[in-house]
Amino acid sequence: MFNIVENYMELKKSMGTLINKSGYKNAYLAEQIGMPAPTFSVKKQRGSWTPSEIKQILDIIDSEKLEDFFLLELMRAEKDETILPVANLKKEMGW
């Protein structure tokens, strides 16, 4: 469960980079989601997107290339985390 939240937080933080990598202009994306361009730029800088805004933007910029980029970033962020075998989890859960 925490992994889902952490991935969402990472996505929210990475939205500016994903938008830049997508090749779409800020003004175009802002217009498409019904937001003034200056507000869009501020949200992009601060990473203060709402879940609805993230979904709207991803619906426009989604591509396999961006998905690969985001997954690579997640893998880099998690590379130093301790990984335990599933058997250990099952043991702890009493399964």
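The values are calculated or read from the model by the stated rules, or taken from the named source; none is laboratory data. Keep in mind the model is a prediction, meaning the values are calculated, not measured. We place every Cβ from the backbone using ideal geometry, glycine too, and count neighbours over all the protein chains shown.
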ask   = How many of the residues making up segment 35-64 are surrounded by 15 or more Cβ atoms within 10 Å (Cβ to Cβ) and hydroxyl-bearing (Ser, Thr, Tyr)?
value = 1
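Here are some residues: Gly47, Gly94. Which one is touching a Lys or Arg at 6+ places or on another chain (Cβ under 7 Å) and on the phi > 0 side of the Ramachandran plot? Steps first, answer last, please.
Values: Gly94 fails: touching a Lys or Arg at 6+ places or on another chain (Cβ under 7 Å).
Matching residue, one of Gly47, Gly94: Gly47.
Could you please let me know if Asn7 is part of a helix (DSSP H, G or I), surrounded by 11 or more Cβ atoms within 10 Å (Cβ to Cβ), modelled with pLDDT of 75 or more and out of contact with any strand residue (DSSP E or B) (no Cβ under 7 Å at 6 or more places or on another chain)?
yes
Taking segment 64-78, which residues are among the aromatic types (Phe, Trp, Tyr) and modelled with pLDDT under 75? Break it down stepwise before answering.
So in segment 64-78, the residues among the aromatic types (Phe, Trp, Tyr) come out as 69-70.
Answer for segment 64-78, where residues must be among the aromatic types (Phe, Trp, Tyr) and modelled with pLDDT under 75: just Phe70.
For segment 26-46, state whether one or more residues are of a type in the set (A, V, I, L, M, F, W, C), in contact (Cβ under 8 Å) with a residue 24 or more places away in the chain, in a helix (DSSP H, G or I) and closer than 25 Å to Met1 by Cβ. Break it down into steps so the answer makes sense when it comes.
Restricting attention to segment 26-46, the residues satisfying the condition of being of a type in the set (A, V, I, L, M, F, W, C) are 27, 29-30, 33, 35, 37, 40, 42.
Filter again for in contact (Cβ under 8 Å) with a residue 24 or more places away in the chain, leaving 29, 33.
Filter once more, so that each one left must be in a helix (DSSP H, G or I): 29.
Those left that are additionally closer than 25 Å to Met1 by Cβ: none.
No.
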